[in-house]
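Notes for the one structure printed next.
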Amino acid sequence: MIECIVVGMGGFVGAALRYLIGLIPIKEGIVFPIKTFFINIIGCFLIGIIAALAVRNTSWNPKMILFLKVGICGGFTTFSSYALETGDLIKLGNTGIAFAYIVLSVVLGVAAVLAGQRIFA
């Protein structure tokens with residue numbers, strides 16, 4: 001049960017950070033969902049760092065790893081928003097931008113995880 005509380009506390013932190021980033025004003029006229037894109041890439045990078053550090057530091061408390069990976073990173077990243085925004089782009093006829101968003105998010109997300117892991121490998 002304590003693990004659920006730990007994840008929930010981390011999720012609160014991650015979700016609040018995501019909300020605050022969502023409040024950052026972006027120049028009007030930009031169709032590409034830049035804030036969600038950067039949130040996901042940053043979250044992927046951070047979870048890569050955390051995963052690498054957790055492997056390297058076996059003395060880390062498993063609850064701390066859970067708090068960071070599942071809680072904060074899980075609450076911070078926005079896959080459901082990503083999927084919704086992609087669908088909206090397609091519905092509005094912005095198929096090319098939707099395709100770029102899909103490819104860039106997946107490729108750079110995986111690259112960010114690997115980069116984060118390499119820093120501490």
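Within the accessible surface of the chain, defined with a 1.4 Å probe on protein heavy atoms only, the carbon and sulfur portion equals 74 percent. The label point for Asn94 and the one for Ile2, both projected 7 Å from the Cα toward the Cβ, are 4.7 nm apart. The slack between Ala115 and Ala16, meaning 0.36 nm per residue of separation minus the straight C-alpha distance, is 33.1 nm.
Here the Karplus curve 6.51 cos²θ - 1.76 cosθ + 1.60, taken at θ = phi - 60°, turns the phi angles of region 75-87 into couplings of x, 7, 6, 9, 4, 5, 5, 4, 5, 5, 5, 5, x Hz, with x standing for Gly and Pro. Residues Met9, Met1, sorted by accessible area with the largest first, give Met1, Met9 [1.4 Å probe; ligands and nucleic acids excluded]. For Lys35, a cut-off of 21 angstrom between C-alpha atoms picks up these lysines, skipping any fewer than 8 places away in its own chain: Lys27, Lys69, Lys91. With all protein chains kept in place, the per residue accessible area of the chain amounts to 62 square angstrom at a probe of 1.4 angstrom. By the Kirkwood approach, averaging reciprocal distances over each pair of separate Cα atoms, region 26-74 gets a hydrodynamic radius of 12.3 Å. In whole percents, the pair-distance distribution calculated for the chain from its alpha-carbon pairs, binned every 10 Å from zero, is 14, 37, 32, 13, 3, 0.
The values are calculated or read from the model by the stated rules, or taken from the named source; none is laboratory data. The structure presented is a predicted model; accordingly, all values stated were derived computationally and were not measured. Note that we place each Cβ from the backbone using ideal geometry, even for glycine, and neighbour counts take in every protein chain shown. Areas reflect the complete protein model, heavy atoms only, side chains present, ligands, DNA and RNA absent. Shrake-Rupley method; radii C 1.70, N 1.55, O 1.52, S 1.80 Å.
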